[in-house]
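Chemist: Pasting a structure here, questions to come.
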Amino acid sequence: MAKKGQKFKKYSAELKQEVIRLYLEEHLPKRTIASLLGIDEGRVRLWIKNYLTHGSVELKKGRPKKEAHELELERLRAENAYLKLLIEKLFEESDKKNKD
């Protein structure tokens, strides 16, 4: 577990890609890659797992972006709510005119 104020080592994208290349193209074991590059074996395993499952070594930070259909659904719901208010106002105006 990380300690308060602890600094984490950052690894370049090139290094991560080299790890993936050594694993996939050179067929080197994870332990060998880790010792060759001076990286923790768990870190190498994580990068390889991320690459194999997500197609990328880099994980995006933060909340995932909403997909286009979710954004369209939100827009349509807002539009429906607005149109319902307009219809309600039209009925109210129509009722007032009919009473007069």
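Computed from the coordinates by the stated procedures, all read-outs in this text should not be read as laboratory data. None of these values were measured; they are calculated from a predicted model. Here Cβ is always computed from backbone atoms with ideal geometry, including for glycine, and neighbour counts include all displayed protein chains.
Chemist: Please rank 33, 48, 87, fewest neighbouring Cβ atoms within 10 Å first, as an exposure proxy. Can you show the working numbers first?
Modeler: Numbers: 33 22, 48 19, 87 10.
The most exposed by this proxy come first: 87, 48, 33.
Chemist: What longest region of the chain stays clear of trypsin sites (Lys or Arg not before Pro) that DSSP places outside H, G, I, E and B and that have at most 15 other Cβ atoms within 10 Å?
Modeler: Numbers: sites that count: 3, 4, 7, 9, 10, 60, 61, 65, 66.
With trypsin sites (Lys or Arg not before Pro) excluded where exposed in loops, the chain gives 11-59 as its longest stretch.
Chemist: Sticking to Cα atoms, compute the Rg of the chain to one decimal and its Dmax as the biggest Cα-Cα distance, whole number, in Å.
Modeler: Computed over the Cα atoms of the chain, radius of gyration and Dmax are 27.9, 90 Å.
Chemist: Further, regarding this structure: With the alpha-carbon atoms as the only input, what is the per residue convex hull volume for the stretch 11-59 in Å³?
Modeler: Roughly 65 Å³ of hull volume per residue.
Chemist: Count the lysine pairs in the stretch 20-100 that are 8 or more places apart or on different chains: how many have C-alpha atoms under 21 angstrom apart?
Modeler: On the way: 30/49; 49/60; 49/61; 84/96; 84/97; 89/97; 89/99.
For the stretch 20-100, qualifying lysine pairs total 7.
Chemist: Here is a further query. What net charge do the residues around residue 11 carry, taking every other residue with its C-beta under 12 Å from that of residue 11, with Lys and Arg at +1 and Asp and Glu at -1?
Modeler: 0
Chemist: Using Cβ counts within 10 Å as a stand-in for footprinting exposure, how do 32, 53 rank, fewest first?
Modeler: Least to most surrounded, the residues fall as 53, 32.
Chemist: If you take the charge dipole of the chain about its Cα centre, with +1 on Lys and Arg Cβ and -1 on Asp and Glu Cβ, which of 47, 91, 8 is farthest toward its positive end?
Modeler: Selected residue: 8.
Chemist: Treat the count of other C-beta atoms within 10 Å as a stand-in for reagent exposure and order 88, 41 from fewest to most.
Modeler: Neighbour counts put them in this order, fewest first: 88, 41.
Chemist: Once you charge only the Cβ atoms, +1 for Lys and Arg and -1 for Asp and Glu, what is the size of the charge dipole of the chain about its Cα centre, to the nearest 20 debye?
Modeler: Working: 24 positive and 17 negative charges, 160 e Å.
Here the size comes out at about 760 debye.
Chemist: Let me ask something additional. Can you list the DSSP H helices in the chain whose Cα atoms extend at least 20 Å along the helix axis and whose mean Kyte-Doolittle hydropathy is -1.0 or higher?
Modeler: What comes out of the filter, once short or polar helices are dropped, is 68-99.
Chemist: From the helices alone, meaning DSSP H stretches of at least four residues, give me the mean residue ellipticity at 222 nm for the chain, per-run term -39500 (n - 2.57), in deg cm²/dmol to the nearest 500.
Modeler: Computed mean residue ellipticity for the chain: -22000 deg cm²/dmol.
Chemist: Filter the chymotrypsin sites (Phe, Trp or Tyr not before Pro) in the stretch 1-97 down to the DSSP loop ones having no more than 15 other Cβ atoms within 10 Å, then list what survives.
Modeler: When the chymotrypsin sites (Phe, Trp or Tyr not before Pro) of the stretch 1-97 are filtered for loop state and at most 15 Cβ neighbours within 10 Å, 8, 11 remain.
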